[in-house]
Amino acid sequence: MSYTIVYDAAELVVGPANDVSGGVDAVSVTIEEGSVLDTRSDAAVVIEDGEVAEIGASDELVRQYPIENAATAVDAAERCVLPGFVDAHTHALFVGDRSDEFEAKLRGQTYQEILAEGGGILRTVRNVRDASEEKLRNRLLDHLDVMLAHGTTTVEVKSGYGLNTETELKMLSAIAGGDDGHPVDVVPTFMGAHAIPEGADADDYVDAVVDDQLPAVADQGIAQFCDVFCEEDVFTLEQSRRVLEAGAEHGLTPKIHADEFERLGGTRLAAELGAASADHLLQSTDWDVRALLEAGVTPVLLPGTAFGLGEGYPDLEPYRKRGAVPAVATDFNPNCHAPSPGFAATLACVGMGMTPGEAILGITERGAAAIDRNRASDGAAGTAGTLTVGAPGDLVVIDGPSHRHLPYNFGVNVVETVLKSGEPVVSRHP
Ligand code: NIG
Ligand code: FE
């Protein structure tokens, strides 16, 4: 039997030490550093048939699975081994840059003002409409290369820079092409309701999303989730409800951009519809967080966006007091040009006060929960975002002896080795 072994790890991160979903069945524990992560020292992991076959003491596993007989053997001495990162919220399929808007924001223009002038999302829409599917796919593959080098082995990617049926389908097709052509697993989300196209009436556009785009997207059969930007001057709560309910009728699980700038009630809608996740949550209250957690909706925080917008970070207390850890994602997009989960983890720690252990769960097991790739949601034996037996053989080796070295380092990439289904896909030795 052919196997991969990663041995002699100073620390191996298995997954959460207890249920950190904050759901009604979860036992609420006070979260303190060290308590959220299940870690092993002097450990090894063995991967067979693309899945984790064993974890345990390195000495023992090396005796059972000799290094010289392994298809791949990775020496992780003085290194930390973590589950491959699961980036649960990105808009990683785009062309063109918006670096001048970065500068305009530094001069004091707001994100919403830029959008109202036809910039922001609407500018990327023009670029994406003009690009061929092949060009889009190639851009996505370039982005996936960078993400993989930073440890991402599963990523959610949204459409939403088309805002018409033809271009939304083109984006989803390019996303599927990216998934086929790259080791990173790409999870597709339809987000026709990302912005109101220039010159359109919001209600008429929602009609177009519901009556034209969604049936065509369902026929195409690529998208798994349906997302909406529920925000002042974008889509109202009622419009968001129409989109997500119609999406669900077509078999797409709801997701929502909620409470980024204004608190419109998107969390209540997410809870009511049983959304997989509610994302951003910068303005959310304790009540909102409770509603999400009790309904089993995974909250997703995007510290890179908060950092880039200078809008302040969400308060962790509503999560902490319920023993919950939110997912942490990059939100990689032309407005948040930061595809590294490690950097998002640093910001989650420094900006929001997460412990390194919470931040690691945020970009691994919690990220998997937000895209229904965890045990609880898919019923499978393995859990993406963990290194438990039966989980995908996706892992990251960092240049540092503990998980803390991921958020502790910033502005450098400490990811040395990445395995996808047990196969080496990144191997860098700084
Ligand atoms: O999640 N807030 C809305 N959508 C994206 C930004 C997309 C863009 O600006 O291109 C987000 O941050
Ligand atoms: Fe987003």
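The values are calculated or read from the model by the stated rules, or taken from the named source; none is laboratory data. These numbers come from a predicted model, not from an experiment. When we count neighbours, we look across all protein chains shown, and the Cβ atoms used for this are built from the backbone with ideal geometry, even at glycine. Please note that ligands, DNA and RNA were not included when accessible areas were found on the heavy atoms of the full protein model with its side chains. Shrake-Rupley method; radii C 1.70, N 1.55, O 1.52, S 1.80 Å.
When you look at VAL184, is it within 16 Å of ligand 2 (Cβ to nearest atom) and in contact with a Ser or Thr (Cβ under 7 Å, 6 or more places away or on another chain), yes or no? Let's see the steps before the verdict.
Details: within 16 Å of ligand 2 (Cβ to nearest atom): no; in contact with a Ser or Thr (Cβ under 7 Å, 6 or more places away or on another chain): yes.
Considered against the rule, which asks whether it is within 16 Å of ligand 2 (Cβ to nearest atom) and in contact with a Ser or Thr (Cβ under 7 Å, 6 or more places away or on another chain), VAL184 comes out as no.
Residues HIS182, HIS194, HIS143, HIS150: which one is within 16 Å of ligand 1 (Cβ to nearest atom) and farther than 27 Å from ASP212 by Cα?
After ruling out the rest, the residue left standing is HIS143.
With respect to GLU48, determine if the residue is over 11 Å from VAL81 (Cβ atoms) and at pLDDT below 95.
no
Exactly one condition in (1) within 16 Å of ligand 2 (Cβ to nearest atom); (2) out of contact with any strand residue (DSSP E or B) (no Cβ under 6 Å at 6 or more places or on another chain) is not met by GLU156; state its number.
So GLU156 meets the others, but not (2).
How many residues, within the range 71-122, are open to solvent by 30 Å² or more (accessible area, probe 1.4 Å), within 30 Å of THR386 (Cβ to Cβ) and either assigned by TED's automatic domain parsing to the domain that holds SER277 or within 26 Å of the chain's Cα centre (by Cα) (or both)?
1
Can you tell me how many residues in the range 291-302 are in a loop (DSSP other than H, G, I, E, B) and more than 14 Å from ligand 2 (Cβ to nearest atom)?
Looking only at that region, the number is 3.
In the range 258-276, is there at least one residue being within 22 Å of PRO215 (Cα to Cα) and within 12 Å of ligand 2 (Cβ to nearest atom)?
No - not one qualifying residue is present in the range 258-276.
Would you mind stating whether GLY353 is open to solvent by 10 Å² or more (accessible area, probe 1.4 Å), farther than 25 Å from TYR7 by Cα and part of a loop (DSSP other than H, G, I, E, B)?
Criteria met by GLY353.
Which residues, counting only those in the range 149-164, are open to solvent by 10 Å² or more (accessible area, probe 1.4 Å) and either more than 21 Å from ALA344 (Cβ to Cβ) or touching a Pro at 6+ places or on another chain (Cβ under 7 Å) (or both)?
Selection gives HIS150, ASN164.
Considering only the range 335-346, state which residues are within 16 Å of ligand 2 (Cβ to nearest atom) and either under 21 Å from ALA258 (Cβ atoms) or open to solvent by 10 Å² or more (accessible area, probe 1.4 Å) (or both).
Here is the first cut: in the range 335-346, the ones within 16 Å of ligand 2 (Cβ to nearest atom) are 335-339, 341, 344.
Correct list: ASN335, CYS336, HIS337, ALA338, PRO339, ALA344.
Can you tell me which residue among VAL210, VAL234 is within 15 Å of ligand 2 (Cβ to nearest atom), open to solvent by 10 Å² or more (accessible area, probe 1.4 Å) and not hydroxyl-bearing (Ser, Thr, Tyr)?
VAL234
Got at least one residue in the range 419-430 being open to solvent by less than 60 Å² (accessible area, probe 1.4 Å), outside the structural domain of GLY181 (by TED's automatic domain parsing), among the basic types (Lys, Arg) and at pLDDT 95 or above?
yes
Six or more apart or on different chains, Cβ atoms under 8 Å: show the pairs whose first residue is in the range 195-221 and in contact (Cβ under 8 Å) with a residue 40 or more places away in the chain and whose second is of a type in the set (Phe, Trp, Tyr).
These pairs meet every condition: ALA195/PHE229; PRO197/TYR205; GLN213/PHE190; VAL217/PHE190.
Inside the range 320-339, can you point out the residues that are of a type outside the set (A, V, I, L, M, F, W, C) and away from ligand 1 (no atom under 16 Å from the Cβ)?
Across the range 320-339, the qualifying residues are ARG320, LYS321, ARG322, GLY323.
Assess whether LEU169 counts as being crowded, with 24+ Cβ neighbours inside 10 Å and either more than 16 Å from ligand 2 (Cβ to nearest atom) or under 22 Å from ASP212 (Cα atoms) (or both).
For LEU169, the condition - crowded, with 24+ Cβ neighbours inside 10 Å and either more than 16 Å from ligand 2 (Cβ to nearest atom) or under 22 Å from ASP212 (Cα atoms) (or both) - is not met.
Give me the residue from the range 153-179 that is among the polar types (S, T, N, Q) and closer than 22 Å to GLY247 by Cβ and, out of that set, nearest to ligand 1 (Cβ to nearest atom).
So the residue we want is SER159.
Considering only the range 291-308, state which residues are open to solvent by 30 Å² or more (accessible area, probe 1.4 Å) and within 16 Å of ligand 1 (Cβ to nearest atom).
Applying the first criterion (open to solvent by 30 Å² or more (accessible area, probe 1.4 Å)) to the range 291-308 yields 294-296, 307-308.
Answer for the range 291-308, where residues must be open to solvent by 30 Å² or more (accessible area, probe 1.4 Å) and within 16 Å of ligand 1 (Cβ to nearest atom): PHE307, GLY308.
Does at least one position in the range 363-381 carry a residue that is over 19 Å from THR154 (Cα atoms) and assigned to a loop (DSSP other than H, G, I, E, B)?
Looking only at the range 363-381, we keep the residues that are over 19 Å from THR154 (Cα atoms), and these are none.
No, the conditions are met nowhere in the range 363-381.
Of all the helices (runs of 4 or more DSSP H) wholly in the range 69-138, which have at least 3 residues that are within 20 Å of PRO197 (Cα to Cα)?
Result: 111-116, 121-130.
Only one residue in ASP288, ASP279, ASP331 is modelled with pLDDT of 95 or more, open to solvent by less than 10 Å² (accessible area, probe 1.4 Å), more than 16 Å from ligand 2 (Cβ to nearest atom) and under 20 Å from PHE235 (Cα atoms). Which one?
On the way: ASP279 fails: more than 16 Å from ligand 2 (Cβ to nearest atom); ASP331 fails: more than 16 Å from ligand 2 (Cβ to nearest atom).
ASP288 is the lone residue from the list that is modelled with pLDDT of 95 or more, open to solvent by less than 10 Å² (accessible area, probe 1.4 Å), more than 16 Å from ligand 2 (Cβ to nearest atom) and under 20 Å from PHE235 (Cα atoms).
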